[in-house]
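K.L.:
Just passing along the structure, written as structure tokens.
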Amino acid sequence: MGVIKGQHLRIVLNGLYVAYSTACTVHVSANLEDSSTKDTTDGLWTEQDLTGMSWDISCDALYSVDADPTGANGENALDMVLAKQKVLVEFQGASGESNRVAQGNKYVGYAWINDISINATNRQNTSYSLQASGTGELKKNGTVSNNQIV
């Protein structure tokens with residue numbers, strides 16, 4: 001059975017893995033609208049039309065300011081929010097040292113980081129959580145050309 005362990009799925013923001021990640025979620029939703037009429041299925045069953053799609057991501061990580069050329073640390077993530085710019089998001093399996101060798105299908109899209117919270121509890125590791133809402137399509141095995149996903 002090809003079960004993937006949680007440590008092997010990673011989120012990448014603007015080409016950098018979320019460093020010290022402890023959890024990540026990608027949520028894709030289909031927006032439906034009731035299209036039932038008096039003439040459809042005797043009024044017993046509803047009919048739905050797909051009216052749109054949306055997606056978002058969230059992740060939790062330990063807050064670090066270490067220089068890491070392959071990973072976005074907590075300070076980088078905060079800077080991305082303050083820059084008020086869309087970020088390129090990739091969600092993909094990984095392997096190798098520190099689980100940073102891309103592997104398998106990847107999903108690519110642009111998103112706005114719309115929420116970041118930093119949790120600093122006394123005598124505990126500082127952590128942060130971020131959420132980003134997709135803008136446009138989340139594409140399987142997409143690539144970026146001229147800031148467009150193809």
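The values are calculated or read from the model by the stated rules, or taken from the named source; none is laboratory data. In this text, all values refer to a predicted model and were calculated from it rather than measured experimentally. In this analysis, Cβ positions are derived from the backbone assuming ideal geometry, glycine residues included, and neighbour counts consider all displayed protein chains.
K.L.:
Only one of these is free of Cβ contacts under 8 Å to residues at least 60 places away in the same chain and surrounded by 12 or more Cβ atoms within 10 Å (Cβ to Cβ): 150, 81, 87. Name it.
P.N.:
Result of the check over 150, 81, 87: 81.
K.L.:
Determine whether residue 106 is without any contact (Cβ under 8 Å) to a residue 12 or more places away in the chain and among the basic types (Lys, Arg).
P.N.:
No, not satisfied.
K.L.:
Related question: If residue 18 meets every condition in (1) modelled with pLDDT of 75 or more; (2) surrounded by fewer than 17 Cβ atoms within 10 Å (Cβ to Cβ); (3) hydrophobic (A, V, I, L, M, F, W, C); (4) within 18 Å of the chain's Cα centre (by Cα) apart from one, which number is that one?
P.N.:
Among (1) modelled with pLDDT of 75 or more; (2) surrounded by fewer than 17 Cβ atoms within 10 Å (Cβ to Cβ); (3) hydrophobic (A, V, I, L, M, F, W, C); (4) within 18 Å of the chain's Cα centre (by Cα), residue 18 violates only (2).
K.L.:
Which condition breaks for residue 104 when tested against (1) closer than 17 Å to residue 26 by Cβ; (2) surrounded by fewer than 17 Cβ atoms within 10 Å (Cβ to Cβ); (3) under 16 Å from the mean Cα position of the chain (by Cα)?
P.N.:
It is condition (3) that residue 104 fails.
K.L.:
Quick one: residue 133 ticks every box in (1) under 15 Å from the mean Cα position of the chain (by Cα); (2) without any contact (Cβ under 8 Å) to a residue 60 or more places away in the chain except a single one, so which number is it?
P.N.:
Answer for residue 133: the failing condition is (2).
K.L.:
Counting just the residues of the range 116-128 that are closer than 10 Å to residue 63 by Cβ and surrounded by 14 or more Cβ atoms within 10 Å (Cβ to Cβ), which one comes out farthest from the chain's Cα centre (by Cα)?
P.N.:
Ranking the qualifying residues of the range 116-128, first place goes to 127.
K.L.:
Any idea which residue in the range 45-55 is modelled with the lowest pLDDT, counting only those that are assigned to a strand (DSSP E or B) and surrounded by fewer than 19 Cβ atoms within 10 Å (Cβ to Cβ)?
P.N.:
We begin by selecting, within the range 45-55, every residue assigned to a strand (DSSP E or B); these are 48-55.
Applying the additional criterion that residues be surrounded by fewer than 19 Cβ atoms within 10 Å (Cβ to Cβ) yields 48-54.
On the way: 48: 90, 49: 93, 50: 94, 51: 95, 52: 96, 53: 96, 54: 96.
Going through the qualifying residues, I end up with 48.
K.L.:
Still on this structure: Strands (runs of 3 or more DSSP E) wholly in the range 60-150 with at least 3 residues that are more than 19 Å from residue 9 (Cα to Cα) and at pLDDT 85 or above - which ones? Spell out how you get there, then give the answer.
P.N.:
On the way: elements: 87-95, 101-119, 127-134.
Once the strands (runs of 3 or more DSSP E) in the range 60-150 are filtered for at least 3 residues that are more than 19 Å from residue 9 (Cα to Cα) and at pLDDT 85 or above, what remains is 101-119.
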